[in-house]
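Working notes, structure below.
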Amino acid sequence: MSVESIESAVDVQTTTDRDGRTTLRSLAAKLPWIVIIQILVVAAILLGVQIAVDSGAVKRIYLASPTQILAAFPQLFTRENLLFHLSVTLAEAGVGVGISAILGIATGIAMGLFPKVHRFLNPFLIWFMAIPKVTIIPLLTLYLGLGFEHKVFIIFLFCYFLFVFNTIAGIKQVQDSHIKVARALGATQRQIIWKVVLPSAAPSIVAAVRIEAATCLLATLFAEIVASKAGVGNLLNKLSGIYDTAGVFALVILVTSIALLIIYLVDLVERRVLLKWKYV
């Protein structure tokens with residue numbers, strides 16, 4: 001090999017190394033330090049848990065290591081039919097939140113626009129909201145059984161009131177001058193609601209949806225754990241009964257991830273649709 005070819009190869013290698021270092025520096029510069037610290041903290045916690053469980057410092061019946069949790073996911077899908085239970089839970093949560101959103105927003109609009117309706121319904125809503133949900137679940141089981149309607153009604157009790165009061169709060173932010181101008185221009189009551197009231201109340205309603213994204217799953221799991229024939233809560237009961245700690249942690253992580261995904265989708269809809277609708 002000639003001297004020129006060796007020098008050119010060295011130059012190419014040096015250029016490649018320099019480009020690689022430059023790329024790493026640029027990525028590090030773009031990545032916020034707080035994100036790096038968060039990643040390091042999570043990695044340290046996972047490593048600590050792994051070492052604690054593998055060394056026997058913490059018994060596996062109390063805590064599962066990250067590797068055990070990862071290994072539990074395939075078993076949940078194959079052995080425990082996780083997709084079926086997950087579909088049941090998501091269906092219950094979706095229907096429950098949908099009904100509570102429709103009725104809650106409608107009630108909030110009526111109470112926000114008509115003071116007499118607000119004065120009439122407000123004491124009843126506060127009274128029903130103050131009822132401890134745990135105390136009436138046995139009665140709901142007696143009335144509705146252990147099926148789909150039982151879970152949907154419990155989710156409705158958890159979610160309905162937040163939609164009502166967030167909608168009222170959003171309507172109170174509507175400027176009276178906007179409504180007066182709309183009426184002066186001949187707008188009907190329906191047009192005022194759709195073109196003036198709801199766009200102004202949209203941020204408060206979206207805030208309720210964002211909170212309910214996590215609350216509805218928690219309510220569904222709570223209802224399924226208390227009494228159910230299927231669903232992720234039912235599966236949690238089963239795995240807890242046989243002390244499958246890794247499977248329980250895997251289900252908790254799965255439900256949490258789904259709740260975070262729903263919250264992200266709500267934020268995306270808010271940015272892409274609702275906020276544009278508000279300023280149209």
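Annotations for the structure displayed:
- Surface listing: S87, S204 arranged by accessible area from highest to lowest gives S87, S204, probe 1.4 Å.
- Rounded to the nearest 10 Å², the accessible area of V174 at probe 1.4 Å: 10 Å²
- Once divided by 2.2 N^0.38 Å, the Cα radius of gyration of region 93-249 becomes 1.29.
- For region 198-210, 3J(HN,Hα) per residue [Karplus equation, 6.51 cos²θ - 1.76 cosθ + 1.60, θ = phi - 60°, Hz, x = Gly/Pro]: 5, x, 6, 8, 4, x, 5, 5, 5, 4, 5, 4, 4
- Of K133/K195; K116/K195; K133/K238; K59/K238; K116/K180, those spanning more than 27 Å from alpha-carbon to alpha-carbon: K133/K195
- The HN-Hα couplings worked out from phi for region 36-43 by the Karplus form 6.51 cos²θ - 1.76 cosθ + 1.60 (θ = phi - 60°) are 4, 5, 4, 4, 5, 5, 4, 4 Hz, whole numbers, x standing for Gly and Pro.
The values are calculated or read from the model by the stated rules, or taken from the named source; none is laboratory data. Note that the structure is predicted; figures quoted are calculated from it, not measured. Accessible surface areas use protein heavy atoms only, side chains included; no ligands, DNA or RNA. Shrake-Rupley method; radii C 1.70, N 1.55, O 1.52, S 1.80 Å.
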